[in-house]
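Here's the structure we're looking at; comments come further down.
The values are calculated or read from the model by the stated rules, or taken from the named source; none is laboratory data. Quantities reported herein were computed from a predicted structural model and do not represent experimental measurements. For neighbour counting, all protein chains shown are included, and Cβ atoms are generated from backbone atoms with ideal geometry for every residue, glycine included.
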Amino acid sequence: MDATGIIIFLLIGAIAGWLAGKIMKGGGFGLIGNIIIGIIGAVLGGFLFGLLGISAGGLIGSIITATVGAIVLLFIVGLVKRA
């Protein structure tokens, strides 16, 4: 992966983490927090979309996949925190 790919990867993570924070009423988590949540969300979203047989390609598809995964991640973290 070259420098451009890494920058795009981090930007997708940051956007997905920020969107998930806004959707889940968590606000923002700071730049680093958003990137971490977005990256973990991208892995989780890719896994879940693969199980469901859904394929989302391109930049927008990557953002959607990462955002859905990040939302699921924040939902699970919220459940664990309440318990």
**Fill in**
Checking ILE39, ILE32, ILE7, ILE63 in turn, the sole residue that is in a helix (DSSP H, G or I), loosely packed, with under 13 Cβ neighbours inside 10 Å and at pLDDT 90 or above turns out to be ILE7
**Prompt:** Residues in region 42-60 that are of a type in the set (A, V, I, L, M, F, W, C) and in a loop (DSSP other than H, G, I, E, B): how many?
**Reply:** 2
